[in-house]
1. Restricting attention to region 91-115, which residues are within 17 Å of the chain's Cα centre (by Cα) and among the small types (Gly, Ala, Ser)?
2. Would it be correct to say that Ala376 is modelled with pLDDT of 75 or more, among the small types (Gly, Ala, Ser) and surrounded by fewer than 21 Cβ atoms within 10 Å (Cβ to Cβ)?
3. Could you please give the count of residues in region 84-125 that are at pLDDT below 85, aromatic (Phe, Trp, Tyr) and in contact with a helix residue (DSSP H, G or I) (Cβ under 6 Å, 6 or more places away or on another chain)?
4. Those residues that are within 26 Å of Lys391 (Cβ to Cβ), surrounded by 24 or more Cβ atoms within 10 Å (Cβ to Cβ) and among the β-branched types (Val, Ile, Thr), I need them from region 251-302; list them, please.
5. If you go through region 71-83 one residue at a time, do you hit one that is out of contact with any helix residue (DSSP H, G or I) (no Cβ under 8 Å at 6 or more places or on another chain), in a helix (DSSP H, G or I), farther than 16 Å from Arg172 by Cα and not small (Gly, Ala, Ser)?
6. Please go through region 1-15 and give me each residue that is in a helix (DSSP H, G or I) and either of a type outside the set (Gly, Ala, Ser) or modelled with pLDDT of 90 or more (or both), ordered by number.
7. Listed residues Gly318, Gly360, Gly342, Gly383; which is more than 17 Å from Val218 (Cα to Cα), touching a residue at least 40 places away in the same chain (Cβ under 8 Å), surrounded by 24 or more Cβ atoms within 10 Å (Cβ to Cβ) and not hydrophobic (A, V, I, L, M, F, W, C)?
8. Looking at region 18-43, which of the residues that are surrounded by 18 or more Cβ atoms within 10 Å (Cβ to Cβ) and more than 18 Å from the chain's Cα centre (by Cα) is modelled with the highest pLDDT?
Amino acid sequence: MSVAVPNPAITEQGRAWLVVAAAFIGGFVVFGVMYSFGAFFMAMVREFDASRTAASGFFSATGCAFYILGAGAGHLADRWGPRIVVATGAVVMGGSLVLTAFIEHLWVGYLTYGVGMGLGAACAYVPTLSVVGGWFTRRRATALGIAAAGTGCGMLAVPPLSAALIESYGWRQADIVLGIGSSVLLAFCALAVLAPPVRAAEPAGRTPSHVIRSRPFVLLYLSWVLATTGLFVPFVFLPAFAQAHGASDIAAASLLSLLGGASVLGRVGIGSLAEKMGSVRLFKTGVLVMGASYVLWLASPGYVGLAVFAVLLGLGYGVRIALLPSVLIDFFGLRNQGAILGMFFTASGIATLLGALVAGAIVDHTGSDRWGIVFALAMGLAGFVAILPLKAHADGDGRHPGQ
């Protein structure tokens, strides 16, 4: 079943940039709220008298649901159009945050915040991002970079806002404020998003099931699982680590904002750089920078060292996430991008489940944050090694349809 779409003549015009704005805001809300969990972490550990493993499992449930359900959300957006799926996400994500404010047991939060917010976030994020590439040809990398910058801007703005709300009103009231704000902003996204024009020259391409068995997809997927497993360790534990080394609550939460701000720089400026280096080569560079940055966290526990680490990790992370849709389009074409992107993001679901839980268990078992950081370093470098065989011009199994 195909979705009715507008005339191709309006691509790269005002309507196309409104779609970019919807993707930017969707990423801002989803990632800004999700990755504010580090600001909530210690408050929830104290209130529920939970171990770090149990509390980090709260975040893992959210991320796992978000990334795994993204495949279904992307498929539905391909089939029915993105607007109805994003509108559903606005209602579910906002409602789940409000419900979480009233939980009395941690396991209930696994359902409200974990499953509920994960579902809402998947419906809001995957459809808005997956349609952007189809609206652009010449400026596709630039448009995707701007759209992906929303996640970094959300990480820049929302964690310190969450920390300030928690400090002033408590974590429950902070969840209510975030829930209402999320619903309002995502409702705008639902109104603004629209499926891209279908070009007659676009080949039918491969089915999603064929794509996921191709060599390029497998290499990209493996690299993403490994590198993102390492990435989720600082997302959850970096604020608590900084607090343990003398930083205030807000200063500690601001490290995630610094990471997010640096990732914005890594996303917005990639257009011309991707044209010079090539998307695949620049993508590999981003993964390498991510992996190498953990050495700084391991060697420099002071606040300045942690800030430099956050900047480097954010730059690599920003380049990687901004280039992913472009790399997938280069290899697999524009058709079924919602389903392909959604299936690819299940890699992040696996990583979310592994990263926070394994690192939490390592820290609990050893009594030292150091071994949790070593785990993140090993995963980050393994992610780079996994992607090394991927060639900029794929052959045979990974060739772009029509090449």
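The values are calculated or read from the model by the stated rules, or taken from the named source; none is laboratory data. Keep in mind that this is a model prediction, so the values were computed, not measured. Neighbour counts are summed over all protein chains in view; Cβ atoms, including those assigned to glycine, are modelled from backbone coordinates with ideal geometry.
1. Gly114
2. On the way: modelled with pLDDT of 75 or more: yes; among the small types (Gly, Ala, Ser): yes; surrounded by fewer than 21 Cβ atoms within 10 Å (Cβ to Cβ): no.
Considered against the rule, which asks whether it is modelled with pLDDT of 75 or more, among the small types (Gly, Ala, Ser) and surrounded by fewer than 21 Cβ atoms within 10 Å (Cβ to Cβ), Ala376 comes out as no.
3. Total satisfying the criteria: 2.
4. Ile270, Val287
5. From region 71-83, those out of contact with any helix residue (DSSP H, G or I) (no Cβ under 8 Å at 6 or more places or on another chain) are 79-81; that's our starting set.
Filter once more, keeping what is in a helix (DSSP H, G or I): 79-80.
Filter once more, keeping what is farther than 16 Å from Arg172 by Cα: 79-80.
The next check asks that each one be not small (Gly, Ala, Ser); those that pass are 79-80.
Scanning region 71-83 turns up at least one residue that is out of contact with any helix residue (DSSP H, G or I) (no Cβ under 8 Å at 6 or more places or on another chain), in a helix (DSSP H, G or I), farther than 16 Å from Arg172 by Cα and not small (Gly, Ala, Ser).
6. Looking only at region 1-15, we keep the residues that are in a helix (DSSP H, G or I), and these are 8-10, 14-15.
Selection gives Pro8, Ile10, Arg15.
7. Numbers: Gly360 fails: surrounded by 24 or more Cβ atoms within 10 Å (Cβ to Cβ); Gly342 fails: more than 17 Å from Val218 (Cα to Cα); Gly383 fails: more than 17 Å from Val218 (Cα to Cα).
None of the other options fit; the residue is Gly318.
8. For region 18-43, the residue satisfying everything is Val19.
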